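Written below as structure tokens is the structure these notes are about.
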Amino acid sequence: MFLINCPYCGERDQQEFKAGGEAHIERPKQPTELSDDEWAEYLFMRKNIKGVQFERWNHAHGCRKWFNMVRDTSNDEIKAIYKMGEKPPSQ
Amino acid sequence: MRNKYSVFSLIKNALSYHENWQRAWKDPAPKKDYDAVIVGGGGHGLATAYYLAKKHNMNNIAVVEKGWIGGGNTGRNTTIIRSNYLWDASAGLYDHALKIWEGLSQELNYNVMFSQRGVMNLAHNLQDVRDLKRRTHANRLNGIDAVYLSTEEVKKFCPIINTSPDIRYPVLGGTLQRRAGTARHDAVAWGYARGADEMGVDIIQNCEVKGIKRNGDSVEGIETTKGFIKTKKVGVVAAGHSSVIANMAGLRLPLESKPLQALVSEPVKPIIDTVVMSNAVHAYVSQSDKGELVIGAGTDDYVSYTQKGSHQIVEGTLNAILELYPIFSRMRMLRQWGGIVDICPDASPILSKTSIKGLYFNCGWGTGGFKATPGSGDLFAHTIANDEPHKLNAAFNLNRFVSGDLVDEHGAAAVAH
């Protein structure tokens, strides 16, 4: 449980947010040409990092907007928050 | 067994004030070379080592554990054992484990306190009723004992449940598996450790894996905090940290690691003599032999390795517990803790070879791996020894995420498991 600084609403309780998993997984540009292995990689395989991880979050009980977060999963410390479409900060 | 536990050994040691009991397992330094190394000294890892030695004559093996054995999820779960899963593959896997549980204390000469007190799953809406009836039929076709209970029968089996039709989520019925129950979680790890040690397995604690050495597509050994260990076979049974080990080998797994919480109350006299689970309101409760209520809560929805969960998760579970069991309203909770569980997209485990020769993974048990400990160890040992899965774990391969042949137990099984 921690506080999240929504880029649109400001600091709110984590309870208001929905975690959306790993960020920057690009949807395949040519889905019809993907092999089963590539589909599995896109759909299921995750880095699941212990340490600094890039993720998507949604302010589900607030502005309902999506944004990105850089978070250390070993201690839940939030390193950076940036809007969708913005370039991730270099870590 | 050189140090068999019996009433005679108890009397003999009582005469010397219990000061001369032999160590249950040794504390060896790692050798340079093993035929196989198991990464992770929890119940599943120790069981794997035990069956590798016992059934496959692999005695030159080691278990490496970064902390102490049984100190991870083995000592953090709510100890529920059942096999009433919907799909044939799951039914085969979990009932295999349940059958081993039934004779495990005798086999290990170690009392794992397996108690077949029954597990009851409640239905709170019409869809629950249909799902649970369907699962009962599926269980019986697979030879697994299961009965469907009416609301009155639920009340008769566990009188403290509030079956009033006026509560927010009334009890409309339930299922009962009488062969299901609980066991003492620590004893399972200790019993397997003692048994494996007896057959020559090295159990190396405080030894963290730092890297996996590969030669092309084959495993050559592992780097640990106690030095390099050469081995051609590595079986990873690292639960919430499976992805961390996989990343060392350049693999990605379909897992997300999340905190799962549980809590226990102050000890009270016997009040609930079974296990009651309720998926819809996410509450499950049993009572330990010490008298504590053992309550399982849910997972947080974000990836975290912190071994602590959010307060609102516990609050939600306790709200449900209080509505179902008003008698607990003034109980005080003693302890609350979290464990990191590795969750697969289909909520079924992975017991599988990988694209790297000699590297095997046993992971993805998510929120319900304890019940499978003996079966998981047995089948994973088979997979490592033969470099081929047993027919009971063939469906739980890593390739199912490529082929699409998932074992989708999410929501289909008895409860959040």
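The values are calculated or read from the model by the stated rules, or taken from the named source; none is laboratory data. As the structure is a prediction and not an experimental result, all values here were calculated from the model. Note that each Cβ is placed from the backbone with ideal geometry, even for glycine, and that neighbours are counted across all protein chains shown. Only protein heavy atoms, including side chains, enter the accessible area calculation; ligands, DNA and RNA are left aside. Shrake-Rupley method; radii C 1.70, N 1.55, O 1.52, S 1.80 Å.
Annotations for the structure displayed:
- Qualifying residue in the stretch B:362-383 (condition: within 13 Å of another protein chain (Cβ to nearest Cβ), open to solvent by less than 10 Å² (accessible area, probe 1.4 Å) and either assigned to a strand (DSSP E or B) or within 30 Å of residue B:49 (Cα to Cα) (or both)): yes
- Selected residue (only one of B:262, B:196 is assigned to a helix (DSSP H, G or I), open to solvent by less than 10 Å² (accessible area, probe 1.4 Å) and not β-branched (Val, Ile, Thr)): B:196
- Residue pairs whose Cβ atoms lie under 7 Å apart, separated by 6 or more positions or on different chains, with the first residue in the stretch B:385-411 and basic (Lys, Arg) and the second open to solvent by 40 Å² or more (accessible area, probe 1.4 Å), are B:400/B:406.
- Evaluation of residue B:291 against (1) part of a loop (DSSP other than H, G, I, E, B); (2) within 14 Å of chain A (Cβ to nearest Cβ); (3) open to solvent by less than 20 Å² (accessible area, probe 1.4 Å) (one fails), failing number: (2)
- Test: residue in the stretch B:156-179 that is within 15 Å of residue B:82 (Cα to Cα), in contact with a Phe, Trp or Tyr (Cβ under 8 Å, 6 or more places away or on another chain) and either of a type in the set (Val, Ile, Thr) or modelled with pLDDT under 95 (or both): yes
- Any pair with Cβ under 6 angstrom, 6 or more apart, that starts in the stretch B:5-23 at a residue that is open to solvent by less than 100 Å² (accessible area, probe 1.4 Å) and ends at one that is assigned to a helix (DSSP H, G or I): B:21/B:13
- Selection count, the stretch B:77-125, where residues are open to solvent by 10 Å² or more (accessible area, probe 1.4 Å), assigned to a strand (DSSP E or B) and among the small types (Gly, Ala, Ser): 1
- Scanning the stretch A:1-19 for residues that are within 9 Å of chain B (Cβ to nearest Cβ) and open to solvent by less than 50 Å² (accessible area, probe 1.4 Å) yields A:2, A:14, A:17, A:19.
- Reported count of residues in the stretch B:301-328, each being of a type outside the set (Val, Ile, Thr) and part of a helix (DSSP H, G or I), is 12.
- Scope the stretch A:65-84; condition crowded, with 17+ Cβ neighbours inside 10 Å, over 16 Å from residue A:12 (Cβ atoms) and at the interface with chain B (Cβ under 9 Å from one of its Cβ atoms); matching residues: A:73
- Members of the stretch A:39-64 that are more than 10 Å from chain B (Cβ to nearest Cβ) and among the aromatic types (Phe, Trp, Tyr): A:42, A:54
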